[in-house]
Amino acid sequence: MNYLLSLTVICLSGFSSSLFAQTHPNKTTYLFIGTYTHSKPSKGIYIYSFNPDNGALTFVSNGENITNPSYITLAPDGCHLYACTETQLPNAGSVSAFGFDSVHGWLTFINKQHSGGENPVYASVYKANKWLVNANYTQGSVSVFPLNDNGSLGIADTVLSYLEGSIDTPRQSRAHVHSVVFSPQQDHLFAPDLGADKIRGYTFDANRKHPLQPADPQFTSTVPGSGPRHFIFHPNGRLAYCTEELSGTISAYSYDDEKLQRIQRVASYAAKQDWYASSDIHISPDGLFLYASNREEEHSISIFSIDTTSGLLTLVGHQKTGGKHPRMFTIDPTGNYLLVANLFSNNIVVFKRDKKTGLLTRTHNTIKIPQPSCLQMRTYDL
C-alpha cells in the first residue's frame, strides 16, 4: 500500500495513538503551528498534542525545509494540510500541500504550486476537498487551485488580480487581498481587500471548470481607510464580522440573499492609537462571544458578547496576550481554551475561556516557538 493510500485509510478509519490513552482514549487533539522562518528553509510547521483537560501542549513533530509557512489550513477531511509558503519574498510565493498521518502526528510533503501572486497570506479549502482558494496580499489577487484525489495541488485554474488602492498611502497604494472565506453554504466566497477598502464577493460553483466568478454586487465597500483584513461568519449563517486593520475596528454585517449589510462598527482597541494593526478574529463555538487580536502597543485580545438575534456586539473586556504582536489565535474544539500566537516574542500562550462571561484567564501553559504566525486545531476520533 503506498503512502497516500494508507494515509486516506488512516484518516477514515482512525488510529491507535497513545497521546491521550489515559484520559481521552477515543480522541486526540492536535495543534498545528505555521511560522516565519527568516525567509530560509527550516522546520516551519510544528505539531503539538493538546490536552483538553488542562490546556497542556506536548511536542509531537515538525516539518523540514519549509520557507515562511505563515498561514496554514486543514482540509475538511483532516488528512491534508495546506500552507501559504515563501511569503514575504520578492517575486515569490507558493502554496504547499502536505499529507497528515494522525497516528504519529507527522506531515509529509506532497507538492507545491506557484501561488499566482506575490506574498500568499490566506487559504481556504472547499468542503468536498475539491478546490483551494488563496489570497495574495502584495499582488492583490485571488487564485483557485484544483485538488487531486491524493491531496496534491494542480496548477492554478483562475487568478483574479486587482490594482486600485484607497486613501491611506502607502499602506493602501494598491489592492491587498488579505483573506478568502467561503459562505456558510459554500456557494459564495468573500475576500477582504485591505488596500481597496472592499470586501470582494464571488459566486462559487464547484462543478464548473472555472468555479469562481464575480458576484452581483462585486464588492461591499468599507469605510475609507479602514483596511478590511480577516472575515468570519457566525455559526447561525445570518451574520458576519470583519476586522479592519488600519482603523482598529470591527464591522458587523447581516448576511441575507448572498449580500452583506453593515449593521455596526466598533473599536477593537481599548484606547486610541496613533497606529492600528487589528489582525485575527474568531467566534466561540456556541456563537455567544467574538474575539479579535490587536497588535502594536496593546498586544491584546478584545472580547465581545454577540446578540445572536440582532448581531450587535457589546464589549466585555480586553486581555493582554502574554507576548508581543498577536498575529493569529484560535479557540480549541471544546471552546474551553483560547491559544494566541505572539509573533515577535516567539511564544504561544494558552488561556482558559469562561463560557458564561467570555473572559479569558491565562494558564501556566506557554511554549516557545520561533516566530509563530498561524494556529489551527482539530480533534481526531479513534
Response to the item:
Within the stretch 235-282, the count of residues that are assigned to a loop (DSSP other than H, G, I, E, B) and either free of Cβ contacts under 8 Å to residues at least 12 places away in the same chain or acidic (Asp, Glu) (or both) comes to 5
Worksheet item: Before we move on, is residue 329 touching a strand residue (DSSP E or B) at 6+ places or on another chain (Cβ under 8 Å), hydrophobic (A, V, I, L, M, F, W, C) and within 12 Å of residue 31 (Cα to Cα)?
Response: yes
Discussion item. So the check is Cβ under 6 Å with 6+ separation or different chains; which pairs have a first residue in the stretch 291-317 that's buried (at least 19 other Cβ atoms within 10 Å of the Cβ) and a second one that's among the acidic types (Asp, Glu)?
Written reply: 293/280
Worksheet entry | Residues of the stretch 190-227 satisfying the condition of being within 30 Å of residue 276 (Cα to Cα), of a type in the set (A, V, I, L, M) and in a loop (DSSP other than H, G, I, E, B) | 194, 196, 223
Practice prompt. Give me a count of the residues in the stretch 123-169 that are closer than 20 Å to residue 74 by Cα, crowded, with 19+ Cβ neighbours inside 10 Å and β-branched (Val, Ile, Thr).
Written response: 4
Worksheet item: Being touching a Pro at 6+ places or on another chain (Cβ under 9 Å) and either without any contact (Cβ under 8 Å) to a residue 24 or more places away in the chain or under 28 Å from residue 330 (Cα atoms) (or both), is that true of even one residue in the stretch 151-168?
Response: yes
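Condition check ((1) modelled with pLDDT of 95 or more; (2) under 15 Å from residue 281 (Cα atoms); (3) assigned to a strand (DSSP E or B); (4) touching a Cys at 6+ places or on another chain (Cβ under 8 Å)) across all residues:
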site	(1), (2), (3), (4)
296	no, no, no, no
302	yes, yes, yes, no
308	no, no, no, no
318	yes, yes, yes, no
323	yes, no, no, no
328	yes, yes, yes, yes
351	yes, no, yes, no
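From the residues in the stretch 170-184 that are surrounded by fewer than 22 Cβ atoms within 10 Å (Cβ to Cβ) and touching a residue at least 12 places away in the same chain (Cβ under 8 Å), which one is nearest to the chain's Cα centre (by Cα)?
Step by step, filter the stretch 170-184, then rank; the result is 181.
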Worksheet item: Out of (1) among the basic types (Lys, Arg); (2) loosely packed, with under 15 Cβ neighbours inside 10 Å; (3) under 18 Å from residue 189 (Cα atoms), the odd one out for residue 262 is which?
Response: (2)
Worksheet entry | Residue among 334, 330, 379, 361 that alone is more than 30 Å from residue 79 (Cβ to Cβ) and not hydrophobic (A, V, I, L, M, F, W, C) | 361
Fill in: Options 232, 199; residue that is closer than 21 Å to residue 167 by Cβ, crowded, with 16+ Cβ neighbours inside 10 Å and of a type outside the set (Gly, Ala, Ser)
199
Worksheet item: Between residues in the stretch 67-80 that are over 19 Å from residue 181 (Cα atoms) and at pLDDT 95 or above and residues that are crowded, with 22+ Cβ neighbours inside 10 Å and among the acidic types (Asp, Glu), which pairs lie under 8 Å by C-beta distance while being six or more apart or on different chains?
Response: 67/86; 68/86
Fill in: Restricting the stretch 201-242 to residues that are more than 21 Å from the chain's Cα centre (by Cα) and charged (D, E, K, R), the residue that is farthest from residue 287 (Cα to Cα)
209
Worksheet item: Taking the stretch 166-189 only, how many residues are touching a strand residue (DSSP E or B) at 6+ places or on another chain (Cβ under 6 Å), part of a loop (DSSP other than H, G, I, E, B) and under 12 Å from residue 122 (Cβ atoms)?
Response: 3
Discussion item. Give me the strands (runs of 3 or more DSSP E) completely within the stretch 69-131, filtered to those with at least 3 residues that are within 15 Å of residue 145 (Cβ to Cβ), ordered by residue number.
Written reply: 80-85, 94-101, 106-114, 120-125
Worksheet item: If residue 363 passes every condition in (1) over 16 Å from residue 279 (Cα atoms); (2) hydroxyl-bearing (Ser, Thr, Tyr); (3) within 19 Å of the chain's Cα centre (by Cα) but one, which one does it miss?
Response: (3)
Practice prompt. Answer yes if at least one residue in the stretch 86-94 is surrounded by fewer than 20 Cβ atoms within 10 Å (Cβ to Cβ) and touching a Gly at 6+ places or on another chain (Cβ under 9 Å), and no otherwise.
Written response: no
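The values are calculated or read from the model by the stated rules, or taken from the named source; none is laboratory data. All values derive from a computational prediction rather than experimental measurement. Note that we place each Cβ from the backbone using ideal geometry, even for glycine, and neighbour counts take in every protein chain shown.
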